[in-house]
Amino acid sequence: MKILVINAGSSSLKYQLIDMDQSEVLAKGNCERIGLDGKITHQANGEKMELETALPTHADAIKMVLKYLTDEKWGVITDVSEISAVGHRVVNGAEIFVEATLMDEEKINTLDGLTEFAPLHNPPAVVGLRACMEVMGKDVPQVTVYDTAFHQDMPATSAVYPIPYEYYEKYGIRRYGAHGTSHGYVAGECAKLLGKKPEELNIVTCHLGNGSSITAVKGGKCLDTSMGFTPLAGVMMGTRCGDIDPAVAMYIMNKEGLTPDQMSDVMNKKSGVFGVSGVSSDFRDLDAGAEAGNERCRLALDMFAYQVTKYIGAYAAAMGGVDAIVFTAGIGENNPMMRTAIAEPLAFLGAKIDEEKNQMRGKAMAISTEDSTVKICVIPTNEELAIAQQTLAVISR
Ligand code: AMP
């Protein structure tokens, strides 16, 4: 069975065709600059091609994707009918879509009404969905998979904000979290790696990339997560500030005469390790800067590690102990120095990193010492496969 996974952005559309019998990616690519000049990158059969081509709308992009998937040279299927279903990544389903959902016109309209929960990300997902329905017809199941779904189990003590309760009731303002598909996937893979059932484990999953979030996974379910109403909360990130005293925002707005949108820009795009270092949001640049003696790069890296350690400690306490710590995403999977900086202070919990294993890359493995009572694992995330698995589960019901 083959499932097409779509991750639609405002002017881009990433795709993967996954063979579910082998969990194998048959083809993948990206349509970029939709609505502008248009470009498609497509990878299949061990080769990669790039083509600049007009892509006026997302529907045109989908048509192009299907054309390449069935192309004589670049194709991996002979007919579109071989695609059993399409899984769409959606960032926020609010409290309406709490699990992966088979979509119809009415549900798409409902999702369309949730724009304000993820203004940059939800609208393109709706556009992508409508485009697939238009191009592929109504018989191909279109399933939405939500980044917020894994966090829906979070108890009210984690989800509700200490502001007047009426804002939760009126506007749905609460913690929703993000990266849920990734946290759920790596927690499940961690349990497999350790030969345990998810219900038996307390895991802290650290999704550390350009955006970073930490989740306390107790017995296979989300107990708490660091991102909040939006993905601005939690640990500092590439360009996002994470948790700060909310009064700082008002103070800067008054001093600098900034509008709410301008302040949002400062906190989302000019803060985090970029804001502190003044150099870059990419941890490779910061490592190089710190190595060359740039103290603000050093500070940014030390702050990031400190904040992640602090969250892990807090979640260990919240869960009443921790069996495993999982590192995933760009930094979590590829930056041994950062893993050491985060994990070393956790020796008091019984978490000891094995420096030799810590240098390994590219596969799921434990990187803790034999006598470490808390397992430290690196698990490459695979959000597309997780979306395809959830899509398959929905259409198999
Ligand atoms: P992501 O958002 O998951 O793509 O992660 C982006 C971050 O991961 C950047 O700060 C990079 O420094 C880091 N990263 C990604 N790939 C590598 C790599 N191969 N080696 C070192 N760092 C990497």
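Using Cα positions and a limit of under 30 Å, work out the lysines in reach of Lys269, with same-chain residues fewer than 8 apart set aside.
Correct list for Lys269: Lys14, Lys28, Lys39, Lys170, Lys255, Lys310.
Under 1.5 on a/c is rounded, so check that first for segment 207-347, then, if it is not, pick prolate when a/b is larger than b/c and oblate when it is not; a ≥ b ≥ c are the square roots of the alpha carbon gyration tensor eigenvalues. Intermediate results must be reported in sequence, preceding the final value.
Numbers: a/c = 2.22, a/b = 1.26, b/c = 1.77.
Verdict is oblate for segment 207-347.
In whole Hz and in residue order, list the ³J(HN,Hα) couplings for segment 149-155 that follow from phi through the Karplus curve 6.51 cos²θ - 1.76 cosθ + 1.60, θ = phi - 60°; x for Gly and Pro.
4, 4, 8, 5, 7, 3, x
Could you tell me what percent of the DSSP beta bridges with both partners in the chain are antiparallel, to the nearest 5?
Details: 42 of 62 bridges.
Around 70 percent of the beta bridges assigned by DSSP in the chain are antiparallel ones.
Can you classify segment 1-107 as rounded, prolate or oblate using the Cα gyration tensor, where a ≥ b ≥ c are the square roots of its eigenvalues, rounded means a/c under 1.5, and otherwise it's prolate if a/b beats b/c and oblate if not?
Taking the square roots of the gyration eigenvalues as a ≥ b ≥ c, segment 1-107 is oblate.
Using Cα positions and a limit of under 15 Å, work out the aspartates and glutamates in reach of Lys218, with same-chain residues fewer than 8 apart set aside.
Here the aspartates and glutamates satisfying the reach criterion relative to Lys218 are Asp153, Glu189, Glu199, Glu200, Asp323.
Report the one residue of Val276, Gln262, Gly209 whose Cα lies farthest in the direction of the positive end of the charge dipole of segment 206-293 (charges on C-beta: Lys and Arg +1, Asp and Glu -1; origin at the Cα centre).
With unit charges placed on the Cβ atoms, the residue in question is Gly209.
Using only Cα atoms, find the angle between the long axis of helix 58-69 and the longest principal axis of the chain, and express it within 0 to 90 degrees, rounded to the nearest 10.
Taking the Cα atoms of the chain, the angle to 58-69 is about 80 degrees.
Which ³J(HN,Hα) values, rounded to whole Hz and listed in residue order, are derived for segment 178-184 from phi using the Karplus coefficients 6.51, -1.76 and 1.60 in 6.51 cos²θ - 1.76 cosθ + 1.60 with θ = phi - 60°, glycine and proline given as x?
8, 6, x, 4, 5, 4, x
Looking at the chain as a GNM with Cα springs under 10 Å, which of Ser226, Ser81, Ser158 has the largest mean-square fluctuation?
The residue with the greatest mean-square fluctuation here is Ser81.
Based on alpha-carbon atoms only, what is the radius of gyration of segment 289-338 relative to the globular estimate 2.2 N^0.38 Å?
Rg over 2.2 N^0.38 Å, computed on Cα atoms: 1.38.
What is the gain in length, in nm to one decimal, between Asn109 and Lys270 on full extension, counting 0.36 nm per residue of separation less the C-alpha to C-alpha distance?
54.5 nm
Give, as a single signed number, the net charge of other residues whose beta carbon lies under 12 Å from the beta carbon of Gln152, with Lys and Arg counted +1 and Asp and Glu -1.
Its environment carries a net charge of -1.
Quantify, in whole percent, the carbon and sulfur part of the accessible surface of the chain (1.4 Å probe; protein heavy atoms only). Don't skip to the end; give the middle numbers.
On the way: 9480 of 18390 Å².
The computed percentage sits at 52.
So if I place +1 on the C-beta of Lys and Arg and -1 on the C-beta of Asp and Glu, and nothing else carries charge, what would the dipole magnitude of the chain be about its Cα centre? I want it in debye, nearest 20. Present the calculation step by step, with values, prior to reporting the outcome.
Working: 36 positive and 51 negative charges, 72 e Å.
The calculated dipole for the chain is roughly 340 debye.
How high is the relative contact order of the chain? Use alpha-carbon pairs under 8 Å, at least six apart in sequence, and give a whole percent. Walk me through the numbers on the way to the answer.
Numbers: 830 pairs, mean separation 54.1, N = 397.
Relative contact order here is 14 percent.
Please find the FRET efficiency linking Thr41 to Ser84, where r is the Cβ-Cβ separation and R0 is fixed at 35 Å, and quote it to the nearest 0.05.
The formula returns an efficiency of 0.90 here.
How would segment 154-238 be classified by its alpha-carbon gyration tensor: rounded, prolate or oblate, with rounded meaning a/c under 1.5 and the a/b versus b/c comparison settling the rest?
Oblate, because a/c is 1.5 or more while a/b does not exceed b/c.
Magnitude of the Cβ-charge dipole of segment 223-329, K/R +1 and D/E -1, about the Cα centre, nearest 20 debye?
Result for segment 223-329 is approximately 120 debye, rounded to the nearest 20.
With no solvent and one equal point scatterer per Cα, compute the Debye intensity ratio I(q)/I(0) for the chain at 0.09, 0.12, 0.14 Å⁻¹ and report its log10, rounded to two decimals.
-0.57, -1.03, -1.34
Using a 10 angstrom cutoff on alpha carbons, build the Gaussian network for the chain and name the most mobile of Asp112, Asp224, Asp245.
In this elastic network of the chain, the residue with the biggest mean-square fluctuation among Asp112, Asp224, Asp245 is Asp245.
So for the chain, taking the charge dipole from beta-carbon charges (+1 Lys/Arg, -1 Asp/Glu), which of Val308, Ile387, Val126 sits furthest toward the positive end?
The Cα lying farthest towards the positive end belongs to Val308.
For Cα pairs less than 8 Å apart in space and 6+ apart in sequence, what is the mean separation divided by the residue count of segment 8-60, i.e. the relative contact order in percent?
Values: 100 pairs, mean separation 14.3, N = 53.
Relative contact order of segment 8-60: 27 percent.
The values are calculated or read from the model by the stated rules, or taken from the named source; none is laboratory data. Everything numeric here is computed off the predicted structure, so don't read it as measured data. Cβ coordinates were reconstructed from backbone atoms using ideal geometry, including for glycine residues, and neighbour counts include every protein chain displayed. The area values use the complete protein model at the heavy-atom level, side chains included, leaving out ligands, DNA and RNA. Shrake-Rupley method; radii C 1.70, N 1.55, O 1.52, S 1.80 Å.
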